[in-house]
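The values are calculated or read from the model by the stated rules, or taken from the named source; none is laboratory data. Values in this document were obtained by computation on a predicted structure and should not be read as measured data. Note that we place each Cβ from the backbone using ideal geometry, even for glycine, and neighbour counts take in every protein chain shown. Surface areas here come from the heavy atoms of the whole protein model, side chains and all, with no ligands, DNA or RNA. Shrake-Rupley method; radii C 1.70, N 1.55, O 1.52, S 1.80 Å.
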Amino acid sequence: MLFGGLSGSTNSLLNDTWLFHAGRWSELCSGTSAAPECVASPPAEEYGAMAYDPATSDLVLIEGIALSGDDRTWTLHGGNWTNMTDRTQGNRPGGGGPGDSMAYDPAASAIILIDTSGETWSFSNDTWTQLGATPNNAVGSALFYDSAAGGLILWGGQLPFDGVSSQTWKFQSGNWTRLLPAMHPPAGVPWGWEYDPEFEYGIVFEPVFFGYNSTWVFLNDNWTNGSSRLGPAPPRAPNSHDWNYYELAYDSSDGYGVAIAEIGFPSNTSQTWILRASLILNVTASAAVRDLGQTLNYSVRIQGGIGPYAVSYRTLPPGCVPPSAASSNFTFSCLINATGYYSLTANVTDRLGTVLGVVLPLLVNADPVTYAYADQNPTDVGLPCLLMGMAAFGTGALNQSWTVGGGPPQAGSILRVNFTSAGIIDAVFTVVDRAGFRVNTTVVVAVNAYPTGEILPSRNVTDVGLSLNFSANQTGGSVYVTEGWVFGDGSASSGLTASHAFGTAGVFTVGLWTNDSIGASSFTSLPIRVNPSLIAGASANASQPLVGSPVEFTSVVAGGTGPDTYWWSFGDGSTSNSPNATHAYSATGAYKATLVVNDSVGGSHSTRLPIDVISPGVMRIAPPNVTLNSRYTATDLTLAIGAAVLVGVALGVLIGRARRPPGPPSR
């Protein structure tokens with residue numbers, strides 16, 4: 001925005017309002033009755049100070065040298081001027097004239113004014129507040145907000161008694177601090193200044209009173225002469241007695257500074273200059289090497305020059321689609337879909353026809369290919385298992401690692417693992433190449449419990465010669481499991497079940513081997529007691545009892561595994577389950593008394609006694625009726641009648657033995 005000034009043709013003060021946009025000036029208010037007429041307008045004046053307040057979207061003007069007085073405050077909003085003098089609160093700056101400097105301070109949310117008396121003021125919420133004297137007592141100083149420094153920068157200005165300043169000060173949090181840069185512009189009163197937010201530096205156009213005509217840049221708390229970088233400055237008046245007037249402001253909508261130069265007043269030469277750095281094109285890629293299918297980001301930043309800009313590309317990698325309209329700062333992404341070597345060329349052209357180009361190479365490799373497996377799958381708890389991984393292709397060196405069961409990554413392509421618990425375990429083989437492409441290959445490992453077996457015998461004790469059955473309770477193991485039996489007597493067998501009869505008595509250790517197909521093996525054992533075979537004998541106290549006379553039967557048992565059961569059959573249909581039984585026959589005749597003894601493990605033995613039952617008064621000569629075991633029976637003896645006496649003696653002896661009480665059974 002441009003307001004007022006001194007007409008070079010009529011040497012009169014002006015109060016017209018002009019707008020500069022897109023490289024063209026347009027008049028908003030003539031300040032007179034001529035069109036375009038403003039409803040209200042500040043009086044004709046020169047040397048007024050203006051600053052834009054983004055908090056209220058107002059352009060604030062404090063009057064300079066005016067025909068109708070000075071120090072009044074005006075605001076421009078929506079193309080209309082408003083006199084704020086009567087609305088402002090508190091004291092007001094006074095003494096308007098050449099030397100007022102104004103700038104907006106975002107940190108304070110206020111406009112800061114250095115007035116012609118060297119006082120510092122702030123303006124916000126329609127209120128002027130006096131903050132104190134400016135430390136260098138200078139007026140007409142350059143004043144701009146430096147976002148990088150976080151405060152207002154003050155340079156140069158007119159000192160009392162016709163001196164000029166070269167000092168640099170910073171205003172921050174209501175306080176002034178002097179800066180001591182290594183370089184600075186020569187002492188003087190600047191004629192124009194601005195802050196360029198794109199390049200983040202302040203610009204001062206130096207005074208021309210003493211022959212200077214240069215542009216200085218303030219960046220990182222230091223001054224540098226930017227004349228060569230920013231190009232030629234507006235010219236000076238050819239005659240030393242002519243005045244030169246300059247005003248400089250930054251146009252944020254178009255992104256450059258605009259200078260109004262009045263050359264050699266009052267010769268009436270007025271020029272508009274654009275202050276813009278040289279065209280700069282910066283194109284960066286997120287990577288110079290990618291893998292197929294990866295994303296690549298390009299960042300494009302255009303600085304300097306005069307917009308708008310036109311951007312063109314050549315040899316774009318496949319999968320890249322840049323935006324159709326170019327701004328000064330943008331990015332676009334590519335999903336790389338073809339391998340090969342590419343060379344991206346980006347060109348930018350500004351409104352002045354300046355062309356810059358940047359070339360960026362890109363190499364696209366094939367994705368990494370992996371293969372992974374476990375050398376033994378399934379496996380058993382406690383057995384070593386090798387996890388093997390292989391990788392090829394990709395970009396650069398490959399970073400390979402294994403992650404087992406959600407644990408921490410372990411570097412390397414081969415990993416030896418001893419699993420401590422059974423289950424389904426995920427082993428992940430990870431490959432990452434230099435381009436950041438990651439491939440995960442999962443190997444599912446079935447881990448079984450270590451094979452074990454439990455001996456389940458049909459019984460833990462048996463008799464010699466009896467068959468004993470064994471079965472195995474097998475758990476764990478991989479693929480298929482086999483069992484092997486050893487019986488402690490030199491015999492062996494295989495299978496889940498086995499049957500064995502021991503040939504001798506004693507205690508034998510029966511062992512079971514449980515083996516699976518991947519080499520795991522376990523052994524367990526169990527003692528088995530083997531008793532001698534069961535042997536039973538029977539006797540009766542009479543071999544020729546009389547009808548109705550009781551006969552005492554006695555059993556004798558050796559060997560076997562108790563407890564035993566007894567069964568007597570007396571040959572006449574009568575039975576008994578007692579070890580020793582008494583029985584009387586009711587009829588004469590020849591009978592066979594049978595004894596059967598069974599033990600607890602299936603052993604059985606039987607024996608027979610002949611019984612001849614006679615009537616009273618009948619005398620038969622019979623051999624002794626005694627048996628010692630089932631293998632031996634009494635034989636009939638036929639004695640000669642002539643040896644009757646000898647037979648009688650023998651019968652008496654045998655009958656006496658038969659009536660002797662039975663002894664304890666033998667084992």
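Quick rundown of the values:
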item	result
Odd one out for Gly477, checked against (1) part of a loop (DSSP other than H, G, I, E, B); (2) open to solvent by 30 Å² or more (accessible area, probe 1.4 Å)	(2)
Hits in the stretch 320-341 (condition: without any contact (Cβ under 8 Å) to a residue 24 or more places away in the chain, open to solvent by less than 80 Å² (accessible area, probe 1.4 Å) and farther than 18 Å from Thr284 by Cβ)	Ala325
Residue match in the stretch 546-565 (condition: under 26 Å from Val447 (Cα atoms) and not aliphatic (A, V, I, L, M))	no
Single residue of the stretch 527-539 satisfying the filter (open to solvent by 10 Å² or more (accessible area, probe 1.4 Å) and more than 14 Å from Thr462 (Cα to Cα)) that is nearest to the chain's Cα centre (by Cα)	Ile535
Pairs where the first residue, in the stretch 185-204, is more than 16 Å from Ser227 (Cβ to Cβ) and the second is of a type in the set (Val, Ile, Thr) and open to solvent by 40 Å² or more (accessible area, probe 1.4 Å), C-beta under 9 Å, 6+ apart	Ala187/Val164; Val189/Val164
Unmet criterion (only one of (1) over 27 Å from Arg276 (Cβ atoms); (2) open to solvent by 20 Å² or more (accessible area, probe 1.4 Å); (3) touching a residue at least 60 places away in the same chain (Cβ under 8 Å); (4) among the hydrophobic types (A, V, I, L, M, F, W, C)) for Phe171	(2)
Any hit, the stretch 216-228, residues being modelled with pLDDT under 90, of a type in the set (Asp, Glu) and assigned to a loop (DSSP other than H, G, I, E, B)	no
Pair list, Cβ < 8 Å and 6+ apart or interchain, from the stretch 388-406 residues that are touching a residue at least 40 places away in the same chain (Cβ under 8 Å) to residues that are surrounded by 15 or more Cβ atoms within 10 Å (Cβ to Cβ) and of a type in the set (Phe, Trp, Tyr)	Gly389/Trp402; Gly389/Phe429; Gly394/Phe437; Thr395/Phe437
Failed condition for Glu483, given (1) farther than 30 Å from Pro532 by Cα; (2) surrounded by 21 or more Cβ atoms within 10 Å (Cβ to Cβ); (3) among the acidic types (Asp, Glu)	(1)
Conditions (1) closer than 18 Å to Arg438 by Cα; (2) open to solvent by 70 Å² or more (accessible area, probe 1.4 Å); (3) assigned to a strand (DSSP E or B); (4) not hydrophobic (A, V, I, L, M, F, W, C): number failed by Gly389	(2)
Which numbered condition Gly382 misses (of (1) at pLDDT below 95; (2) in a strand (DSSP E or B))	(2)
Candidates Val613, Val618, Val597, Val649, filtered to the one that is part of a helix (DSSP H, G or I) and either open to solvent by 50 Å² or more (accessible area, probe 1.4 Å) or at pLDDT 95 or above (or both)	Val649
Subset tally (residues that are of a type in the set (Gly, Ala, Ser) and outside any loop (DSSP other than H, G, I, E, B)) for the stretch 439-474	5
Strands (runs of 3 or more DSSP E) enclosed by the stretch 83-142 - at least 3 residues per element that are at pLDDT 80 or above and aliphatic (A, V, I, L, M)	110-114
Meets criteria (in contact (Cβ under 8 Å) with a residue 12 or more places away in the chain and part of a strand (DSSP E or B)) for Ser533	no
Selected residue (criterion: most open to solvent (accessible area, probe 1.4 Å)) from residues of the stretch 343-379 that are without any contact (Cβ under 8 Å) to a residue 24 or more places away in the chain and in a loop (DSSP other than H, G, I, E, B)	Asp375
Among the candidates Ser467, Ser491, residue that is loosely packed, with under 14 Cβ neighbours inside 10 Å and of a type in the set (Ser, Thr, Tyr)	Ser467
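Here's the yes/no breakdown for (1) buried (at least 19 other Cβ atoms within 10 Å of the Cβ); (2) at negative phi; (3) among the polar types (S, T, N, Q):
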position	(1), (2), (3)
Asp105	yes, yes, no
Leu113	yes, yes, no
Asn137	no, no, yes
Trp155	yes, yes, no
Phe161	no, no, no
